[in-house]
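Working notes, structure below.
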Amino acid sequence: MSELIGKDRQEILKELLWRLHIGEAPEALVPEFKEKLGDVSPLEIAQIEQELVRAGIPREEIRRLCEVHLALFRESLEEVELPVPPWHPIHVLMAEHQHMTETGRKLLEAAKKLDFSPEVREEFHAIFERLLETESHYLREENVLFPYLEKYGVTEPPHVMWMEHDQIRGIKKAIKAALKRGDTPRLAELSRGLLEAMTSHFYKENKVLFPTALEVIGEGEWPTIRAEFDDIGYCCITPPPMPAEGTGERAAAVRGGEIELPTGKFTVEELNAILNTLPVDITFVDKNDTVRYFNESKDRIFVRTKAVLGRKVQNCHPQKSVHLVERILDDFKNKRRDVAEFWINFAGRHVYIRYFPVWNPDGEYLGVIEVTQDITDIKKLEGEKRLLDEG
């Protein structure tokens, strides 16, 4: 990606952003910016922010100063238009942004009136529920769009956007806690913070991340991305179907032939069906920390899309969790542990997550397998059951 813009412009941009990071005001740099560069493309902004992270500026600092960066580039960015058809994933994401922003405004208005009537309190609850139902929007970006960007070398902007997703999630969690406490003044404050966080975040995606995606991702790949979006589902709107000539159908699995193992053999069709029938979610990450496989169990707990295949496993987790992923991988590779396990409450279910290192017969590390299982009903078992139920 570093070859996509001229080195001279690259160095000028980097210098200007460094000066912002050491405290110079954006308005003081605008004349110099216009004189030396005239304007700047979204791709250039994404590329330079990536270069700054490589130069040692922490991602959290980049995220914190994104608003300052945009103040310098805002005039250029206001001219950015994205002429994509209504079925297109980028159009869908932007339409959802509009709906979520409007819902956030209504939440704030309801929060300002919370002391007045039970009807307004019910209205606040109903509006907030609509915002809680928008999680699929963020999951589609994290599990489909971001991996495609990373494939083309755009790695740091998705990391920063994911950090902002977690910030928005954190505010929603705080609103739920304030609702439970009946803390009305805090609800107004948090609702304002949520609207501001969403408005800022959506602007960065609409004006920087999405135009960058359209520039680096090939036109022929968008139908496949849309198909993976469909797998996760939508919020706020029901997008129109893709045109018949752009269905993005994925190739059927190879059928026929057999895989012979020491204790038996399968056809590819049989093996795939068996793995998908197992009552657990399986993900395999190879020795190079690259996601290579996941099964498609009937009641999958966590979202997986084919876009993650070929992606580094570190990029599949929020930034705040990466250190834990690295520690587990390092412990496995150096034989300091043979399992890492966690259990959490998720969507009202008790979920058991285990990681195991995979070795060949000669003791060579091949990778790690993640096994996730819903154990809610298993925990309720008592006594014995020896007979098959009739019916």
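Where a number appears in this text, it was derived from the coordinates with a stated rule and is not lab data. In this text, all values refer to a predicted model and were calculated from it rather than measured experimentally. Using ideal geometry, Cβ is built from the backbone for each residue, glycine included, and neighbour counts are taken over all protein chains shown.
Summary table below
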quantity: The stretch 296-391: C-alpha gyration tensor shape, a/c 1.5 cut-off, then a/b vs b/c; calculated: prolate
quantity: Cross-link table Lys176/Lys385; Lys176/Lys312; Lys151/Lys207; Lys204/Lys298; Lys180/Lys320, entries beyond 31 Å C-alpha to C-alpha; calculated: Lys176/Lys385; Lys176/Lys312; Lys204/Lys298
quantity: The stretch 95-240 - percent relative contact order, Cα under 8 Å, separation 6 or more; calculated: 39
quantity: In Hz, Karplus ³J(HN,Hα) per residue of the stretch 218-232 (6.51, -1.76, 1.60; θ = phi - 60°; x = Gly, Pro); calculated: x, 4, x, 8, 5, x, 5, 4, 4, 4, 6, 4, 4, 4, 7
quantity: Neighbour-count ranking [beta-carbon atoms within 10 angstrom, fewest first] of Arg354, Arg140; calculated: Arg354, Arg140
quantity: Computed over the stretch 264-334: relative contact order in percent, which uses C-alpha pairs under 8 Å that are six or more apart; calculated: 23
quantity: Amide proton proximity set for Trp359, modelled H, under 5 Å, gap of 5+; calculated: Leu366
quantity: Cβ-based exposure ranking for Ser191, Ser117, Ser297, Ser200, in which fewest neighbours within 10 Å come first; calculated: Ser117, Ser200, Ser297, Ser191
